[in-house]
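The values are calculated or read from the model by the stated rules, or taken from the named source; none is laboratory data. What you see is a predicted model, and the numbers here were worked out from it, not measured in a lab. Don't worry about glycine lacking a Cβ; one is built from the backbone with ideal geometry, like all the others, and counts go over all protein chains shown.
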Amino acid sequence: MTLRRWTRPGWEGILRSLRYWLTPGMGIKRWLVLLLVGITELALALAYVLVTIYREQPLPPIFYYITLQFIPRLGRAALFGLLGLVTTGFALLRLNRTLLSPFLQPGRDVAEILHRHRQRERGPRIVVIGGGTGQSTLLRGLKGVSARLTAVVTVADDGGSSGRLRREMGLLPPGDFRNCLAALAEAEPLMTALFQYRFGRGTGLNGHAFGNLFIAAMAEITGSFERAVAESSRVLAVRGQVLPCTVEHVILAAEIRDAEGRIHRVDGESAIPEVRGRIERVWLIPEHARAYPETIRAILEADLIVLGPGSLYTSVLPNLLVEGIVPAIRASRALKVYVCNVATQIGETDGYTVADHVRAIERHVGVGLFDLVLVNSRVDVPWEEIPEEVGELVRWDGQPIPPYTVVAMDVIDERMPWRHDPEKLARALMTLFERSRR
């Protein structure tokens, strides 16, 4: 078996690498200059020694040719200088590849990797508020553009593995935290897959996700759920941080109007989509659950705040209903964007348009919480091929939704057009952010 050594094609690769090295803010040029100064000082010291020997010691005639005395001094200086630059550059290139080869991916240049790392470190402070699949999808895209990410997660989940751990151990529900950690992870893919693994059999284990059990065990060891999430972030080499909207145990309640016009009260996040009808409002029990201080700080310091995507009534709104979250968003000087879902959610937002989503948020927290509404512009989707458990395309008729600016972009996943594409959505948000800065 032969091992293929990584190479980049000729001068094109060299020039591309050089462009990355010379990009402002890389923190490289200053040390290269210092290195050159040090080498020059060593060369001067050696030159003084050689000149002293040359002048004071008798040397054989062959040294006339070895020292190139038949060439003018400026010519000799240029020749040796050129040879020195080529030799030094080649040595540094080989040294850097040798030292960093264990950390490089095939086809990736160290200068390119460092350049992108620096860009992410200087990226905007982004706060993503939501929960469920939509939030983790967005985070997977955003971690490529900024390392200063904060995911604010709802703690109202009471179904599945999270609900069982919440009832049996008194924990905050770890499911959405697990999904966010996995989305932001830089660890090996096998570790991420392990974190997301769900047991399919076994007494007591059936239905549990390994990551949920890991967080639960870490909470027992560290003494707090917040510390458990932070330590889990280190294990997975998470880019950014994952914070709860509150550390109080809350229950999500809803009033649902059925087809006959009767109002039904439902307690429990997992039970809400099971009751057929139109959701009139949702609230938290207790109603005055206080926001987690670190979450408030992240919102106030943010450059970009993103609401959604995610289940409107069971993922996005439960965060906004926590006392202190909405005032912090309004006080923040960040650009605030609401990302509307691509598809409606059966049992929750049946028949909703983009305007219906926006007005539902307004009924709960007031008008003008965000600046922009980002909607999907792709309508040429073969919706008849979409699975039955998925709702319908969320429509926007092109009419304004005051006082917001509605922006339509292609943000759907080509393979699953009822969901957002992580990279498309991240690019769209960064485009809006750059426009706002300009």
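If you scan the range 50-65, which residues turn out to be exposed (fewer than 10 other Cβ atoms within 10 Å of the Cβ) and closer than 24 Å to residue 85 by Cα?
65
Here is a list: 46, 99, 34. Which entry is at pLDDT 75 or above, within 30 Å of residue 148 (Cβ to Cβ) and either in the same structural domain as residue 145 (by TED's automatic domain parsing) or exposed (fewer than 11 other Cβ atoms within 10 Å of the Cβ) (or both)?
On the way: 46 fails: within 30 Å of residue 148 (Cβ to Cβ); 99 fails: at pLDDT 75 or above.
Being at pLDDT 75 or above, within 30 Å of residue 148 (Cβ to Cβ) and either in the same structural domain as residue 145 (by TED's automatic domain parsing) or exposed (fewer than 11 other Cβ atoms within 10 Å of the Cβ) (or both) holds for just one of 46, 99, 34, which is 34.
Go through the range 266-283 and report how many residues are hydrophobic (A, V, I, L, M, F, W, C) and either surrounded by fewer than 17 Cβ atoms within 10 Å (Cβ to Cβ) or farther than 13 Å from residue 318 by Cβ (or both).
Of the range 266-283, the ones hydrophobic (A, V, I, L, M, F, W, C) are 266, 271-272, 275, 279, 282-283.
Right, trim to either surrounded by fewer than 17 Cβ atoms within 10 Å (Cβ to Cβ) or farther than 13 Å from residue 318 by Cβ (or both) and you get 266, 271, 275, 283.
So the count comes out to 4.
Taking the range 130-165, which residues are under 13 Å from residue 269 (Cα atoms) and of a type outside the set (Val, Ile, Thr)? Reasoning before the result, please.
Taking the range 130-165 as the starting set, the residues that turn out to be under 13 Å from residue 269 (Cα atoms) are 131-132, 154-160, 162-163.
Matches in the range 130-165: 131, 132, 156, 157, 158, 159, 160, 162, 163.
Scan 216, 254 and give me the residue that is hydrophobic (A, V, I, L, M, F, W, C), in contact (Cβ under 8 Å) with a residue 40 or more places away in the chain and either part of a loop (DSSP other than H, G, I, E, B) or not assigned by TED's automatic domain parsing to the domain that holds residue 132 (or both). Spell out how you get there, then give the answer.
Values: 254 fails: either part of a loop (DSSP other than H, G, I, E, B) or not assigned by TED's automatic domain parsing to the domain that holds residue 132 (or both).
Sole residue among the options that is hydrophobic (A, V, I, L, M, F, W, C), in contact (Cβ under 8 Å) with a residue 40 or more places away in the chain and either part of a loop (DSSP other than H, G, I, E, B) or not assigned by TED's automatic domain parsing to the domain that holds residue 132 (or both): 216.
Does residue 174 qualify as being at pLDDT 90 or above, not acidic (Asp, Glu) and not assigned by TED's automatic domain parsing to the domain that holds residue 136?
Values: at pLDDT 90 or above: yes; not acidic (Asp, Glu): yes; not assigned by TED's automatic domain parsing to the domain that holds residue 136: yes.
The answer is yes for residue 174.
Out of the residues in the range 287-308 that are modelled with pLDDT of 95 or more and not aliphatic (A, V, I, L, M), which is surrounded by the most Cβ atoms within 10 Å (Cβ to Cβ)?
Ranking the candidates gives 295 first.
Does the range 419-435 contain at least one residue that is over 23 Å from residue 136 (Cβ atoms) and either surrounded by fewer than 19 Cβ atoms within 10 Å (Cβ to Cβ) or in contact (Cβ under 8 Å) with a residue 40 or more places away in the chain (or both)?
First pass over the range 419-435, keeping only residues over 23 Å from residue 136 (Cβ atoms): 434-435.
Subset that is either surrounded by fewer than 19 Cβ atoms within 10 Å (Cβ to Cβ) or in contact (Cβ under 8 Å) with a residue 40 or more places away in the chain (or both): 434-435.
Yes, because at least one residue in the range 419-435 is over 23 Å from residue 136 (Cβ atoms) and either surrounded by fewer than 19 Cβ atoms within 10 Å (Cβ to Cβ) or in contact (Cβ under 8 Å) with a residue 40 or more places away in the chain (or both).
Pull out all pairs, ordered by first then second residue, where Cβ-Cβ is under 8 Å, the residues are six or more apart or on different chains, the first lies in the range 191-203 and is exposed (fewer than 15 other Cβ atoms within 10 Å of the Cβ) and of a type in the set (Asp, Glu), and the second is at pLDDT 85 or above and part of a helix (DSSP H, G or I).
From the range 191-203, no pairs qualify.
For the range 231-238, indicate whether the set of residues that are closer than 20 Å to residue 321 by Cβ and surrounded by 13 or more Cβ atoms within 10 Å (Cβ to Cβ) is non-empty. Break it down stepwise before answering.
Start the filter on the range 231-238 by keeping residues that are closer than 20 Å to residue 321 by Cβ, which leaves none.
So far as the range 231-238 goes, no, none of its residues is closer than 20 Å to residue 321 by Cβ and surrounded by 13 or more Cβ atoms within 10 Å (Cβ to Cβ).
Go through (1) within 18 Å of residue 137 (Cβ to Cβ); (2) crowded, with 19+ Cβ neighbours inside 10 Å for residue 390 and report which single condition fails.
(2)
Applying the selection to the range 364-387, what residues are closer than 25 Å to residue 302 by Cβ and surrounded by fewer than 14 Cβ atoms within 10 Å (Cβ to Cβ)?
Just the residues of the range 364-387 that are closer than 25 Å to residue 302 by Cβ, to begin with: 364-376.
Correct list: 366, 367, 368.
Which one of 130, 211, 159, 163 is within 22 Å of residue 339 (Cβ to Cβ) and surrounded by 15 or more Cβ atoms within 10 Å (Cβ to Cβ)? Walk me through it before giving the result.
Values: 211 fails: within 22 Å of residue 339 (Cβ to Cβ); 159 fails: within 22 Å of residue 339 (Cβ to Cβ); 163 fails: within 22 Å of residue 339 (Cβ to Cβ).
Matching residue, one of 130, 211, 159, 163: 130.
Pick out the one residue from 351, 366, 347 that is on the phi > 0 side of the Ramachandran plot, at pLDDT 95 or above and out of contact with any Cys (no Cβ under 7 Å at 6 or more places or on another chain).
366
Going residue by residue through the range 223-234, is there one that turns out to be within 22 Å of the chain's Cα centre (by Cα), more than 14 Å from residue 164 (Cα to Cα) and among the β-branched types (Val, Ile, Thr)?
Yes, that holds for at least one residue.
Would you be able to tell me the number of residues in the range 320-344 that are farther than 20 Å from residue 134 by Cα and modelled with pLDDT under 95?
The number of residues fulfilling the criteria is 0.
For the range 260-282, does any single residue satisfy the condition of being within 27 Å of residue 356 (Cα to Cα), in a helix (DSSP H, G or I) and touching a Pro at 6+ places or on another chain (Cβ under 8 Å)? So that I can check it myself, show each step before the final result.
Filtering the range 260-282 for residues within 27 Å of residue 356 (Cα to Cα) gives 260-282.
Next, only the ones that are in a helix (DSSP H, G or I) stay: 269-274.
Within this subset, residues satisfying the condition of being touching a Pro at 6+ places or on another chain (Cβ under 8 Å) are 269.
Checked the range 260-282: at least one residue is within 27 Å of residue 356 (Cα to Cα), in a helix (DSSP H, G or I) and touching a Pro at 6+ places or on another chain (Cβ under 8 Å).
Got a sec? Which of 231, 269, 226 is under 17 Å from residue 154 (Cα atoms), at pLDDT below 95, of a type outside the set (Lys, Arg) and not assigned by TED's automatic domain parsing to the domain that holds residue 135? Let's see the steps before the verdict.
Working: 231 fails: under 17 Å from residue 154 (Cα atoms); 269 fails: not assigned by TED's automatic domain parsing to the domain that holds residue 135.
Criteria check complete, one pass: 226.
Just give me the residues in the range 170-190 being assigned to a helix (DSSP H, G or I) and surrounded by 14 or more Cβ atoms within 10 Å (Cβ to Cβ), in sequence order. Quick ask: steps written out before the conclusion?
Within the range 170-190, the first condition is being assigned to a helix (DSSP H, G or I), and the residues that meet it are 175-184, 189-190.
Of everything in the range 170-190, those that are assigned to a helix (DSSP H, G or I) and surrounded by 14 or more Cβ atoms within 10 Å (Cβ to Cβ) turn out to be 175, 176, 177, 178, 179, 180, 181, 182, 183, 184.
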